[in-house]
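*Asks:* The structure's right below; bear with me while I get my questions together.
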Amino acid sequence: MPAITVRVNGLEVTKEVGARTLLSTFIREQLKLTGTHVGCDTSQCGACVVTLDGKTVKSCAVFAWEADGADIGTIEGLADGDKMHPMQEAFREHHGLQCGFCTPGMVMTAVSLVENNPDIDEDGIRHGLEGNICRCTGYQNIIDAVKTGAKAMRG
Amino acid sequence: MATYVARNGIGENQRRVEDVRFLTGHGKYIDDVNIENQAYAMVLRSPEAHADIKSIDVSEAAALDGVLLIVTGDDWKSTGYDPIPTKSAVRTFIDGSDMKVPPHHALAIDRVRYVGQPVALVVAETQDICRDAMELIEVDYESLPSVTHQSEAIKEGAPQIWDIAPGNVCLDFELGDEEVQKKAFADADHVITLNMVNNRVTATPMEPRGAVADFDPETGKFTLWNSSQNIHANRDTIADVVLKIGKENLHHIAPDVGGGFGGKNGVYPEPILILHAAKELKRAVKWINDRSESFLSDTHGRDQVSKVQIALDNDGTFRGLRTESVGNLGAFCGTVGSFTPTGGSSRTQGGPFKFDGIYYTAIAPFTNTCPLDPYRGAGRPEGSYHIDRIIDYAAAQLGMDPIELRRKNLIPPEALPMKSPMGLDIDCGNFPEVFEETIRISDREGYAKRVEASEAKGMKRGFGVCMYLECTGGGPKEEAKVTFLDNGKVELSVGTASTGMGHETVHAQLLAGHLGLAMEDIVFRQSDTDATEIGGGHGGSRGLEVGGSAVTQTSRQIIEVGKKIAAHRFDVDADKVEFEDGRFHVPGTNHTMTIRDAIDSQNDPDNLPDDLEPGCMNISSVFERGIISIPNGGHACEVEVDPETGTIKVDGYWVVDDFGTIVNEMLASGQVMGGIAQGLGQALMEDIYYDESGQLVTGSLMDYALPRADDMPRMVIAYYEDAPTEKNLLGVKGAGEAGCVGAPPAIVNAVCDALKEYGVHHIDMPLTPEKVWKAIRDAKATG
């Protein structure tokens, strides 16, 4: 099995990966970072969103070997120690999550949306979150959370 | 029974305790449960809707390196395990004879009856080996004619699915006085009839089902971690009925559960199969469904075709209602599936409206589809759709105003309490006020301008309302157990099951509020057969109604014991001691004692009066609900329809709910908005669709459309709080399901309003662009 070397949440790791190991499986099972979730098998739900070299990807749609040499960010790396990222805080403040299963992917996507467009409006947020399905909230509190998170991220 | 008003706890938008865990990626869901040296299981599922299994050859698969165990139907037969039972509350035909319950074994024996039915279990060292092994299993099927639609299943000459169920009928049902209904129809000026479809949908929690089973050969005990909403009841069924290992030998636990909505309530085959495998292999076994398997094997919901008739007078007075439903049960009974189209859909017939007579009748046939079981609302969305669609349809046929029709016929508050024609105890509420408030908040003043703006773009705008009446359900008993730990923490164990609703917060909020404790000192446990003796789990919007009442009852008992401890210290009678804001005190004296002080005193006999034992404040109590509660409310909806493409944009949504007392409005509104999204999904896009050969066409998230962020409108949620119920200790009526009860009729009514100028007065759900476009085209063609 070939080995890959990646930086995950700032730490470099080298692991052997199988030819058909998905990046999501690699993150969950080999790195034990189980905050990245798998909710479907057709790259629709977005629960597995991570950043790969700064861009959000659905980690179930990438082979682990494709990430060789890349910088990966997962939900576990977002908080600063015990201090949650402003987007995480905003999700809690606005009740932007219920069962929590879609939440890691939703938050990773939201942070990236705001980083790419700090002044994003409600329409932009709704379209930007189209690749992340939440079955619990009806999205309204997520939208409000992203607005508040964006404001906090702008500082 | 007096309703209880807490000084603290009730009415606080407490932010959620569980959120930090979920937001930082530290939730522990079923796929995060791993046992050392666990094996992996996968299920080979039937590709045939109806077929005899002539043979299964597992030799090649079994020889594959890393394969540990393969179990087929023949193997299952030899184990002597029992089938999975059904627990429907309705169990007899109208004529009194028993419902037909075919044997639902965890693996298909000799014949398959739906696509996705488990045919074999494969256990191997890895999931990849399981997949490879499944490819190597040769099953020889001999196809049989199949039937997937309930209307076809009950026709003469339809393929017969079970020998014990002639005509494929599992059960029939009636409720209400047919003679009174018939007389009302005879006396009325008009009878309007509409055939309507309540489409088959599926709960689709974002976390697929899964389980991990372990077996200890030394003790003979099993442990099952299961993404289930109903830990205690399902333990009893699995251990006592199916495997016959004794429920004391099965420790059943749900870790964090990523959504359920009813779809994780039932007893499923897979956890049973892996318990068997764990025992055979003396090794932990893990099984996780993938999403495509979930569409095939998670129970489905709704799926009724109904003929609804309303009788009314020239002045709009409702006289009678008659609904004849045929509900598709799928190939087996499900855990309680046959209750949904029968009893479940009957009780709220007629909604909050006055009728002289209502009669409901249903037939529940088997088909070659995945079994039906509860999905959020389970019968009440169907009942609400019946009445609120027929009102709008009748209004269109008779040239009446659907809002005025509702206004005229709502049950007035002075008529309450009353027993509805369907036997519901409607104790309190103010339906006219809730309805008027719904209209008031829905920005009617700005409507004409918005219509104009839509018309200018070539769009059609419509407004629709629904006035729903629903009822709670689920197990009537619940336990709340409080244990004060030596480290100062307070363990609160409740038998309800949160799968995202926030019980970890709201139950703790209640306990903290009642006792004057700090939220952060409370450690919450649920969904664990070791945590509470009994547990009703999730279902029927019972979390606060029954679980919250149990927390309240236990809190009160703790306070009573605390009073005795305080009285002992102050040397006064216990009835002289009062409790307020976390302190026991004797009015008119300087005697005070904090609850913490009482807790710290409880383990030393010297601090206790003679009639108390050490540990006396550690209390568990069971609350039992007498009569189910009646949540009700109004939904209003505005839509914009593109007549050229048939696309629908839901553009505004307003709700006024009467849930009685609101304990945590933030959580209640979260439930309502999530329910509306599921109702919108059912109304506009979701459809479990089997083709004529019994293949599931909508078998992935590419084909089964779920609402996304840009499908949803901004929603305004308000509450009518002036009618708390006395049926439970908190005055609550249940909030969990109301959103998806009210949304489908409100949305379809709004679309039909938008399309009325074309003469389109009904379209069956889901209102996909194609169906809407065709309806407009057909209406134009017939002029």
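*Asks:* Within the stretch A:100-120, can you find the residues that are touching a helix residue (DSSP H, G or I) at 6+ places or on another chain (Cβ under 7 Å), at the interface with chain B (Cβ under 9 Å from one of its Cβ atoms) and not small (Gly, Ala, Ser)?
*Replies:* Scanning the stretch A:100-120 gives A:103, A:104, A:107.
*Asks:* Does residue B:747 satisfy being within 14 Å of chain A (Cβ to nearest Cβ), more than 22 Å from residue B:391 (Cα to Cα) and not basic (Lys, Arg)?
*Replies:* Answer is no for this residue.
*Asks:* Would you be able to tell me the number of residues in the stretch B:324-335 that are among the aliphatic types (A, V, I, L, M), buried (at least 24 other Cβ atoms within 10 Å of the Cβ) and out of contact with any Phe, Trp or Tyr (no Cβ under 6 Å at 6 or more places or on another chain)?
*Replies:* Counting residues in the stretch B:324-335 that are among the aliphatic types (A, V, I, L, M), buried (at least 24 other Cβ atoms within 10 Å of the Cβ) and out of contact with any Phe, Trp or Tyr (no Cβ under 6 Å at 6 or more places or on another chain) gives 0.
*Asks:* Related question: Counting just the residues of the stretch B:470-525 that are assigned to a strand (DSSP E or B) and among the polar types (S, T, N, Q), which one comes out surrounded by the most Cβ atoms within 10 Å (Cβ to Cβ)?
*Replies:* Here the residue is B:496.
*Asks:* For residues in the stretch B:271-298 being of a type in the set (Val, Ile, Thr) and buried (at least 24 other Cβ atoms within 10 Å of the Cβ), which is farthest from residue B:36 (Cα to Cα)?
*Replies:* Only one residue fits best here, namely B:272.
*Asks:* Looking at B:367, B:342, B:348, B:317, which one is crowded, with 24+ Cβ neighbours inside 10 Å and in contact with a Lys or Arg (Cβ under 8 Å, 6 or more places away or on another chain)?
*Replies:* B:348
*Asks:* Name the single residue, out of those in the stretch A:3-20 being within 18 Å of residue A:51 (Cα to Cα) and touching a residue at least 40 places away in the same chain (Cβ under 8 Å), that is farthest from the other protein chains (Cβ to nearest Cβ).
*Replies:* A:5
One line per residue, one yes/no per condition, for (1) within 14 Å of chain A (Cβ to nearest Cβ); (2) over 21 Å from residue B:674 (Cα atoms); (3) modelled with pLDDT of 95 or more:
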| site | (1), (2), (3) |
| --- | --- |
| B:704 | yes, no, yes |
| B:708 | yes, no, yes |
| B:711 | yes, no, yes |
| B:723 | no, yes, yes |
| B:734 | no, no, yes |
| B:755 | no, yes, yes |
| B:775 | no, yes, yes |
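*Asks:* Which condition number in (1) within 29 Å of residue B:697 (Cα to Cα); (2) of a type in the set (A, V, I, L, M); (3) out of contact with any helix residue (DSSP H, G or I) (no Cβ under 9 Å at 6 or more places or on another chain) is the one that residue B:305 fails?
*Replies:* Only one criterion in (1) within 29 Å of residue B:697 (Cα to Cα); (2) of a type in the set (A, V, I, L, M); (3) out of contact with any helix residue (DSSP H, G or I) (no Cβ under 9 Å at 6 or more places or on another chain) is unmet by residue B:305, namely (3).
*Asks:* Next question, about the same structure. On the basis of being within 30 Å of residue A:88 (Cα to Cα) and surrounded by 15 or more Cβ atoms within 10 Å (Cβ to Cβ), does residue B:109 make the cut?
*Replies:* No: the conditions fail for residue B:109.
*Asks:* Looking only at the stretch B:695-747, which residues are part of a helix (DSSP H, G or I) and touching a strand residue (DSSP E or B) at 6+ places or on another chain (Cβ under 7 Å)?
*Replies:* Matches in the stretch B:695-747: B:738, B:741, B:742, B:743, B:745, B:746, B:747.
*Asks:* May I pose another question? For the stretch A:60-95, enumerate the residues that are of a type in the set (Phe, Trp, Tyr) and within 25 Å of residue B:667 (Cβ to Cβ).
*Replies:* A:91
*Asks:* Can you tell me which residues in the stretch A:126-140 are at the interface with chain B (Cβ under 7 Å from one of its Cβ atoms), outside any loop (DSSP other than H, G, I, E, B) and under 18 Å from the mean Cα position of the chain (by Cα)?
*Replies:* A:126, A:127
*Asks:* Also: Of B:639, B:622, B:650, B:655, which residue is of a type in the set (Val, Ile, Thr), in a strand (DSSP E or B) and surrounded by fewer than 21 Cβ atoms within 10 Å (Cβ to Cβ)?
*Replies:* Going through B:639, B:622, B:650, B:655 in turn, the sole match is B:622.
*Asks:* Could we say that residue B:533 is surrounded by fewer than 21 Cβ atoms within 10 Å (Cβ to Cβ), at pLDDT below 95 and more than 20 Å from residue B:603 (Cα to Cα) here?
*Replies:* no
*Asks:* Tell me the residue from B:129, B:109 that is under 30 Å from residue A:29 (Cα atoms), in contact (Cβ under 8 Å) with a residue 24 or more places away in the chain, hydrophobic (A, V, I, L, M, F, W, C) and touching a Phe, Trp or Tyr at 6+ places or on another chain (Cβ under 9 Å), please.
*Replies:* The match here is B:129.
*Asks:* Another question, then. Against the definition (free of Cβ contacts under 8 Å to residues at least 40 places away in the same chain, outside the structural domain of residue A:117 (by TED's automatic domain parsing) and among the small types (Gly, Ala, Ser)), how does residue A:67 come out, yes or no?
*Replies:* Considered against the rule, which asks whether it is free of Cβ contacts under 8 Å to residues at least 40 places away in the same chain, outside the structural domain of residue A:117 (by TED's automatic domain parsing) and among the small types (Gly, Ala, Ser), residue A:67 comes out as no.
*Asks:* Could you please find all residues in the stretch A:97-124 being over 23 Å from residue A:24 (Cβ atoms) and part of a loop (DSSP other than H, G, I, E, B)?
*Replies:* Within the stretch A:97-124, A:117, A:118, A:119, A:120, A:121 qualify.
*Asks:* Pick from B:327, B:316, B:320, B:337: which is under 24 Å from residue B:674 (Cα atoms), assigned by TED's automatic domain parsing to the domain that holds residue B:376 and not hydroxyl-bearing (Ser, Thr, Tyr)?
*Replies:* Of B:327, B:316, B:320, B:337, the one residue that is under 24 Å from residue B:674 (Cα atoms), assigned by TED's automatic domain parsing to the domain that holds residue B:376 and not hydroxyl-bearing (Ser, Thr, Tyr) is B:337.
*Asks:* Please identify the pairs in which a residue from the stretch B:256-267 that is within 11 Å of chain A (Cβ to nearest Cβ) and among the β-branched types (Val, Ile, Thr) has its Cβ atom under 8 Å from the Cβ atom of a residue that is crowded, with 24+ Cβ neighbours inside 10 Å and not in a loop (DSSP other than H, G, I, E, B), counting only partners at least 6 apart or on another chain.
*Replies:* B:257/B:30
*Asks:* Taking residue A:97 as the residue in question, decide whether it is more than 14 Å from every other protein chain (Cβ to nearest Cβ) and buried (at least 17 other Cβ atoms within 10 Å of the Cβ).
*Replies:* Considered against the rule, which asks whether it is more than 14 Å from every other protein chain (Cβ to nearest Cβ) and buried (at least 17 other Cβ atoms within 10 Å of the Cβ), residue A:97 comes out as no.
So that you can scan it fast, the table gives a plain yes or no per residue for (1) among the small types (Gly, Ala, Ser); (2) under 30 Å from residue A:128 (Cα atoms); (3) under 20 Å from the mean Cα position of the chain (by Cα):
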site	(1), (2), (3)
B:713	no, yes, no
B:721	no, no, no
B:725	no, no, no
B:745	no, yes, yes
B:751	no, yes, no
B:754	yes, yes, no
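The values are calculated or read from the model by the stated rules, or taken from the named source; none is laboratory data. As the structure is a prediction and not an experimental result, all values here were calculated from the model. Note that we place each Cβ from the backbone using ideal geometry, even for glycine, and neighbour counts take in every protein chain shown.
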